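Reading through the structure tokens given below for one structure.
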Amino acid sequence: MAKKFFAKGKGGKFDRFVIIGIIIAVLVIALTLWGPLRKFRVAEERKPAAQAQKQEPVKKKTGKKDRKEARESKKQPEIQAAGSFERTALVAIVIDDLGQDAKQAKEILALPGKITLAVMPGLAQSRNIAELAGHAGREVLLHLPMEPLKNHEKTRSPGTLSADMTPLAFLNTVSDDVASVPGAIGVNNHEGSALTENKEAMKFLMAELKARNLFFLDSLTNPKSVAYATAVEFGIKAARRDVFLDNDSDHPASIRKQLDELVEIARHNGKAIGIGHPHPATLSELRKWLAETDTQGIEVVPVSRLMN
């Protein structure tokens, strides 16, 4: 006969203890896996992870603005290292009184800057020099002779305009002068201290220059000149000379001082025009000065770029 599982007696008592032990073990396991003990264990496991999260430094979110500023800060040293002076000033140099000596013109064309050549009409090398300059890609002006205040008939240059001319003679002279300097894109006056303060003569001249599509640069040989104002009235592109470079052509230091003054005016106004002549000292100082323009923040340009 089979024994009952809950039978009384010594063996039955032992079996009951075993059963009770099994039940307690099952309850402990159940409480651990699904009861309050599970919550306690999970909480304990989460504590180290939470503490580790607190110890990590908080990373700041980087927006578009922050990324842009970071890129610019990296570029800044490169920009500063690229150059010490930003170009802000334009300078035009015009060399007057050309037409007699082709050698002088070739020296000017050999200079590194974009020097503008002003060629007088009717001289032995006028046409040749104008053509040489054109082939070299340099701008050419007709350096138009005009009546000075101290009029010396014997020393008057060929093609000089004067107030005592008839209108027909005046226009014919302008036409001949322009023809003798091929490729000229503008005009500046040679002397002309008398004629440039004559309003009627300037009106007559500017009407002709406008018809020929030529600009006008007032050499400003007379502070009373009305040439520039008249050119503006007629709608012609025009400008005025700022500095004469070589009134004292025998002293290189004086020429250099004038070049320095030209730079100061250009820095102040953004642009400046200097007029010089083909003297050996002028060309020598120009050569030295042109080699330094990059470090001075100066750009040498053809004079047409500075017309108003």
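Read-outs: derived from the displayed coordinates by stated rules, not from any lab. Computed from a predicted structure; not experimentally measured. All Cβ positions, glycine included, derive from the backbone under ideal geometry; neighbour counts span all protein chains shown.
Calculated on the Cα set of the stretch 143-224, radius of gyration then Dmax: 11.8, 33 Å. Is the C-alpha gyration tensor of the stretch 89-306 telling us rounded, prolate or oblate? Criteria: a/c under 1.5 is rounded; beyond that, a/b larger than b/c is prolate, otherwise oblate. Here the stretch 89-306 falls in the prolate category. The modelled label-to-label distance between residue 155 and residue 254, using points 7 Å beyond Cα along the C-beta direction, is 1.7 nm.
Loop-located trypsin sites (Lys or Arg not before Pro) in the stretch 149-204 (DSSP state not H, G, I, E or B) with no more than 14 neighbouring Cβ atoms inside 10 Å: 150, 156. Between residue 88 and residue 199, the modelled label-to-label distance comes to 4.0 nm, taking each label 7 Å out from Cα in the direction of the beta carbon.
Put simply, the amide H of residue 187, placed in the peptide plane, has neighbours under 5 Å in 142, 215, 216, 217, leaving out anything fewer than 5 places away on its chain. Go through 106/237; 114/288; 150/257; 150/224 and tell me which ones have a Cα-Cα distance over 22 Å in this structure. The answer is 106/237; 150/257. List the residues whose amide H sits under 5 Å from the amide H of residue 161, counting only those 5 or more places along or on another chain, with H placed 1.01 Å from N in the peptide plane. Here 146, 147 satisfy the definition. Estimated from the Cβ-Cβ distance and a Förster radius of 35 angstrom, the FRET efficiency linking residue 164 and residue 240 is about 0.85.
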